[in-house]
């Protein structure tokens, strides 16, 4: 145990001496975690500004505008004098949509000549905004029709309750599963936090292993562990496993305790295990890269790039069932894909814990690959010809 | 001027001879510029699997199911006997939505009573959820209109009158600038311009750190900090303007992103964008002492900068001070300006606030770059002075 302890001490000293390492491994991820949490604190998106062109200016058109304004997502911020001006306000980034009420709306409705119409143009430049607004504005137009029809039927002597049932013969109720507050933040925020975690894990791991080669201290590193590369590597990584596990617990605490994210899972420990495994998997990728390339700088570029791309591949932003099959297959090479799957199943969907085993095993494979490359790491660590590469 | 070009030339050589810097500045730009578009290339998800629970199983309920199946979004792949069965399919990721039709659906239609159908969607996949909601909404609306027309015609109206009464105010909701609501069209332009910033920052920081490691700075310690800053910036500007035009013209065309706006307006935004990024990079580069520092510090910020720009999570959803702080990063204004010109077809006059912000950032980071460089050259001058002093003292002692 003495050699292992000496090795750990050596690593902690190295860590403490490097201001850059402390910044990259602790200060930046903690700061970013706090900023992310504050950024998504509200959890839902309300009151996106929209423009209205009211060419009718009647009681009916004003009623429609009020209905638009009372949706959760839309907020009538500008009244424009022309359609052109409304589009301009979208291009200037001031509004997200334009509601067009042509002149004669009320007259056409009363005349019953089928000429009444309204329309909306939603800017598709921002996918979340446009999705929410398209949904809510469509709902408003439908509800507006039902209301107008009920009134028209009322004028014909049909009582309101019956008229409403006639005007709205098939009502539908939406139920959002696994996301009681309909908040996209509950999916996006954890994804972003854990992404920051795995990027940090990747670059720090590559640095702490690779700098031994760059600085030519790898032989001393292995010697401190009594010549055993396994012991040397285990002692080197152990403090960081602890550090990053603490970081992940910090993230989880903020999410579940302070942001009020619901936990539908059966066993919180599965989630902690998932965190540990994803940390180990990205550490493994870092070690594999250094062992194979023997070049810290190159490994940093690749490890950082792979970790960052994990978010796009994991299916949280664009679902895997929509990807090209080749891309969906590539996604399986990223531990993050399994972690996000585990996270969604175990914490939001409340799936049985046994379903996490496959994901944990997949992440474990990365560690096994690293284990297979430990001899190669030893060769690289002990041969000065691999030292000093930049 | 000769000194100016000497610095620019040294910077060029530092970049081109450095495999690491080349990989970041060019390789990564091409790899990411192609890989990310490929991930999102399908743009929308079509025909995703859903289940129906049709407890009525009558001609009108089966018709509703057929209509849902016919939408481009949903593919009715399973027919479950109960909601529990459907939920099990959900947990197995076999389906992404459920339409539930209660018993007595036909009876209520014939009796002129209101029917309630339910849809269940996965709240985790925002796109699928929205699409499914839209599909069911459209299907139910059409089916409802048919029912109404039937009822009203039975009450003595002719078909046209019945149709007008069933939908007194015709409506439609169009998507501008991105007609199919494609994910890539919305998200890739911001990602590409952000990647340019991040790679420039990392690359410049790497070259700066290497200059320190290898002692290249020493050769230039007597140069003016302003000249050093501007000469180095010139090198990166030369390298990146063609690269940007390649990405935002050729790559754009290849992946079919909207190419509105004119090229001059675009260039007039790229100029302050690149300059502010380069000056920010030079500021950081003059502070870093190691090659790898820029990667250790900056890679993790990429996604954060994308989010803080407000392009994927709207600014209305975040605290104002964070959004305002985000404006200090060039990508925030750069993304807004690019989207509004290239995607939405705006002109320079539509992005005045963004252009002003970018020029202001150019000024601020230009100044910080000069100051950071000055600090470095002073440091080296002092070190050189000290060394000379020591040598003189040694000589005197001998």
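The values are calculated or read from the model by the stated rules, or taken from the named source; none is laboratory data. It should be emphasised that the depicted structure is a prediction, and the values quoted were computed from it without experimental measurement. Every residue, glycine among them, receives a Cβ derived from its backbone with ideal geometry; neighbour counts consider all protein chains shown.
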Which helices (runs of 4 or more DSSP H) does region A:47-116 wholly contain that include 2 or more residues that are more than 39 Å from the chain's Cα centre (by Cα) and assigned by TED's automatic domain parsing to the domain that holds residue A:148?
A:59-69, A:105-111
Counting only residues in region A:287-313 that are assigned to a helix (DSSP H, G or I) and more than 11 Å from chain B (Cβ to nearest Cβ), the one surrounded by the most Cβ atoms within 10 Å (Cβ to Cβ) is identified as A:290
I need the helices (runs of 4 or more DSSP H) fully contained in region B:1-111, keeping only those with at least 1 residues that are within 11 Å of chain A (Cβ to nearest Cβ).
B:19-22, B:28-40, B:59-70, B:83-91, B:105-111
State whether one or more residues within region B:150-173 are touching a residue at least 24 places away in the same chain (Cβ under 8 Å) and either facing chain A (nearest Cβ under 8 Å) or surrounded by fewer than 23 Cβ atoms within 10 Å (Cβ to Cβ) (or both).
yes
Name the residues in region A:314-348 that are outside any helix (DSSP H, G or I) and within 7 Å of chain B (Cβ to nearest Cβ), would you?
A:318, A:319, A:323, A:324
Has region B:174-185 got any residue that is at pLDDT 90 or above, closer than 24 Å to residue B:65 by Cα and either more than 9 Å from chain A (Cβ to nearest Cβ) or surrounded by fewer than 17 Cβ atoms within 10 Å (Cβ to Cβ) (or both)?
no
Before we move on, is residue B:295 closer than 18 Å to residue B:191 by Cα, facing chain A (nearest Cβ under 8 Å) and touching a residue at least 12 places away in the same chain (Cβ under 8 Å)?
no
Single match in A:305, A:322 (criterion: touching a strand residue (DSSP E or B) at 6+ places or on another chain (Cβ under 8 Å) and without any contact (Cβ under 8 Å) to a residue 40 or more places away in the chain)
A:322
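Taking the options B:223, B:180, B:236, name whichever one is in a loop (DSSP other than H, G, I, E, B) and in contact with a helix residue (DSSP H, G or I) (Cβ under 8 Å, 6 or more places away or on another chain).
B:223
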Residue under evaluation residue A:385, criteria (1) within 23 Å of the chain's Cα centre (by Cα); (2) part of a helix (DSSP H, G or I); (3) at pLDDT below 95, criterion not met
(1)
Any idea which residue in region B:267-292 is farthest from the other protein chains (Cβ to nearest Cβ), counting only those that are surrounded by fewer than 21 Cβ atoms within 10 Å (Cβ to Cβ) and not in a loop (DSSP other than H, G, I, E, B)?
B:271
Mind listing just one residue for me: the one in region B:113-149 that is at the interface with chain A (Cβ under 7 Å from one of its Cβ atoms), assigned to a helix (DSSP H, G or I) and over 32 Å from the mean Cα position of the chain (by Cα) and, of those, nearest to residue B:48 (Cα to Cα)?
B:140
